[in-house]
Each structure stands twice: as structure tokens, then as C-alpha cells.
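The values are calculated or read from the model by the stated rules, or taken from the named source; none is laboratory data. Fair warning: this is a prediction, and the values are worked out from it, not measured in the lab. Glycine also receives a Cβ, built like all others from the backbone with ideal geometry; neighbour counts cover every protein chain displayed. With ligands, DNA and RNA removed, areas are computed over all heavy atoms of the protein, side chains included. Shrake-Rupley method; radii C 1.70, N 1.55, O 1.52, S 1.80 Å.
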Amino acid sequence: MNSAEVLAALAAALPSDALIVDPDVTRSLSHDEAEWAPVGEPIALIRATSSDQVATTVRICARFGVPVTARGAGTGLSGGANAIEGGVIIALDRLNQIRLIDPLERLAVVQAGVINDELRATAAEQGLWYPPDPASSPWSTIGGNIATNAGGVCCVKYGVTKDYVLALEVVTGTGDLVRLGRVTAKGVAGYDLVALMVGSEGTLGIITEATVRLKPLPAAPRTIVGYFSSTVDAGEAAQAVARRASSRRRWN
Ligand SMILES: Cc1cc2nc3c(=O)[nH]c(=O)nc-3n(C[C@H](O)[C@H](O)[C@H](O)COP(=O)(O)OP(=O)(O)OC[C@H]3O[C@@H](n4cnc5c(N)ncnc54)[C@H](O)[C@@H]3O)c2cc1C
């Protein structure tokens, strides 16, 4: 692979502000929060503003055999967003439009670079709630959350990201733009390709848009603090609460 040829092809196909080759910038965005994980030197960073730009970039990289790494906000803790030597990073942070909040169908359509907390705040304005709550929600993107199947403390009661993804727009490894999944409450026919994409950490394709399920906004949570003399006592208290909640669900 001749990197000058790759860069020339990218420059010819993309707007000038989408292609970044300044090593100070590319290096600073070439890794996530996993300081222990190996990082390569990328030849370019693409800051895409459309799904088509993502697809174009992947097509060019595939033609030249250049490895591609997807990057959301770079809050990952496993080095998944780390650049491969001589590769290209595709940053999704500029794909940041919330396209639709639908209170009737209780769903949202968002671009992959939308920040989790921004979706939650916008949904809340319409009395709706997006439950997946990784502790990185003020910074991490919906695309990154889906790619890592992220979940926070609400997962015990409400599940993790996979429980809320209905449909995806994805750029495949060949640079094709495809739509997966459905927007209906029931969708049982065919292979569940959305489930395959969730948690795939950018290895099967690049998510450019997602349709996610919303719930009605719950009442403000109340926090109760309990002090216990041992971890066993604390665990038994948690079990008692869970048992009580289950029996109330059965009879109420
Ligand atoms: C302070 C802190 C708290 C955290 N708390 C939690 C937590 O409670 N629960 C939890 O699950 N995680 C947590 N994490 C880990 C991290 O925030 C999550 O994995 C998050 O989902 C990553 O989102 P991101 O946008 O930063 O993705 P990145 O870090 O940029 O990428 C993560 C992976 O997803 C891939 N990727 C990113 N965007 C796309 C896309 N559009 N299409 C395809 N692949 C893509 C990348 O290639 C990489 O493999 C935490 C991290 C930090 C720093």
C-alpha cells in the first residue's frame, strides 16, 4: 500500500475539512482511555459529516487494503478505538443529529455520534426516557454504546443497550450502506442482524444511525442508604429487596 495514493484518493472524494493528516491531531484522537493497549500511527483521521462520507472512506480503504478503525468519543476501556499502524480512523462525532423523537411509537432516530446524555435530555422534554446509562453517558456516543453494548447501574432493572436497539444504518466492510432491523414493536422474521452488530466493537461494520426504543419517563428516583456490618449482610439485604419486589410484581 502506498499511503500517498490512499490520501490522494481520500482527498479527491471528501471535503477538505473531513480529511485530517496533521499528526498532532491524528495522534491525539488515535486511542481511547485504555492506556495499556497498543496504539498504531494512523495515516489519516476522517471526521465524517454524513453516512455517505463514511461509506466512501471505507470503500477507498477497502480498495487499498487499509485498515479502518471507528471512533465515537474514545471513552472505551479496551483499546477498541485505537488506531492500527498505517490505518485510517473514522470519527463519528460530527454525525450528531437527533433526527426524530416519536412519542407515539416511543422511539428515537439518532445519528451515531449523538452523546448519550443529549438523547436522554431531548427525550425527557417529551416525557420519554432512554434507559441505558453507562457512567460515561455525559461523553460517550450512541454508536459507541451500541458497539460495546454499554450498560450502567440501571441494567439490573431495565437492561443494557441491546434491549433498546430496534434498527441500524450500517456501513459494511465493503463500503455499502445498509439498513438492518425494524421500527415496529414486533419484528420476528429473518436473521437478527441488529443483535449481531450490538457489541461488535466496529469489527462488522460502522454504525451511522440508530433507531432506539424509549420508555415513559419514570418518577424521580429516590436513593436510600443502608449501613451493614458485613458484605454478607449487605448482600442478604439486597436479596430481600429483590425478593420483595418480585412478589409485589406478581400480586400488584
Ligand atoms: C469514566 C468512564 C466510565 C465508563 N462507564 C461505563 C459503564 O458504566 N458501562 C459501560 O458499559 N462502559 C463504560 N465505560 C466504557 C465506555 O464509555 C463505553 O464502552 C462506551 O460505550 C464507549 O462509547 P464511545 O462513544 O466513547 O466509543 P469509543 O470508545 O470511541 O469506541 C468503543 C468501541 O466501539 C467502536 N465504535 C465506536 N463508534 C462506533 C460506530 N459508530 N460504529 C461501529 N463501531 C463503533 C470502536 O471502534 C471501539 O471498538 C466507561 C468509560 C469511562 C471512561
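Below, the figures for the structure above:
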{"item": "Cut-off 15 Å (backbone N to label point 7 Å along Cα→Cβ of Val183), residues of the stretch 104-146", "result": "104-111"}
{"item": "DSSP bridge pairs, the chain: antiparallel proportion in percent, nearest 5", "result": "75 percent"}
{"item": "Charge tally in the Cβ shell below 12 Å around Asp163, where Lys, Arg are +1 and Asp, Glu are -1, Asp163 excluded", "result": "+4"}
{"item": "Mean separation of Cα contacts under 8 Å, 6 or more apart, over the residue count of the stretch 3-91: relative contact order %", "result": "37 percent"}
{"item": "Cβ-based net charge around Ile60, under 15 Å, with every Lys or Arg adding one and every Asp or Glu removing one", "result": "-1"}
{"item": "Sparse-neighbourhood loop sites, chymotrypsin sites (Phe, Trp or Tyr not before Pro) in the stretch 187-252 - DSSP loop, at most 13 other Cβ within 10 angstrom", "result": "Tyr191, Tyr227, Phe228"}
{"item": "Backbone HN-Hα couplings from phi across the stretch 216-224 [Karplus 6.51/-1.76/1.60, Hz, Gly and Pro as x]", "result": "x, 5, x, 5, 4, x, 10, 9, 10"}
{"item": "Sulfur and carbon atoms: percent of accessible area, the chain [1.4 Å]", "result": "55 percent"}
{"item": "Overall Cα dimensions of the chain - principal axes, largest extent first, Å", "result": "68, 44, 33"}
{"item": "Trp129 long-range amide H proximity, modeled H, under 5 Å", "result": "Lys215, Leu217"}
{"item": "J(HN,Hα) series, the stretch 15-22, from Karplus relation 6.51 cos²θ - 1.76 cosθ + 1.60, nearest Hz, glycine and proline x", "result": "x, 4, 7, 8, 9, 10, 10, 4"}
{"item": "Solvent-accessible heavy-atom area per residue, rounded to whole Å², over the chain at 1.4 Å", "result": "55 Å²"}
{"item": "Calculated FRET value between Lys157 and Ser50, using beta carbons and R₀ = 41 Å, to 0.05", "result": "0.65"}
{"item": "For Val165, distant residues with modelled amide H under 5 Å away", "result": "Arg213"}
{"item": "Leu104-Leu204 pseudo-label distance in nm [points 7 Å out on the Cα-to-Cβ vector]", "result": "3.2 nm"}
{"item": "Lysines whose Cα lies under 19 Å from that of Lys186, excluding same-chain neighbours fewer than 8 positions away", "result": "Lys162, Lys215"}
{"item": "Extended-chain gain in nm, criterion 0.36 nm per residue less alpha-carbon gap, Ser3 and Ala220", "result": "72.7 nm"}
{"item": "DSSP-loop trypsin sites (Lys or Arg not before Pro) across the stretch 150-187, with at most 11 other Cβ within 10 angstrom", "result": "Lys186"}
{"item": "Linear extension gain, Arg27 paired with Ser246, 0.36 nm per residue minus alpha-carbon span", "result": "73.8 nm"}
{"item": "Computed helical MRE - 222 nm, the chain, DSSP H runs ≥ 4 contributing -39500 (n - 2.57), nearest 500", "result": "-9000 deg cm²/dmol"}
{"item": "For Gly199, distant residues with modelled amide H under 5 Å away", "result": "Ala147, Thr148, Asn149"}
{"item": "Zone of Ser78's modelled label, taken as backbone nitrogen in the stretch 173-203 under 18 Å from a point 7 Å along Cα→Cβ", "result": "194-203"}
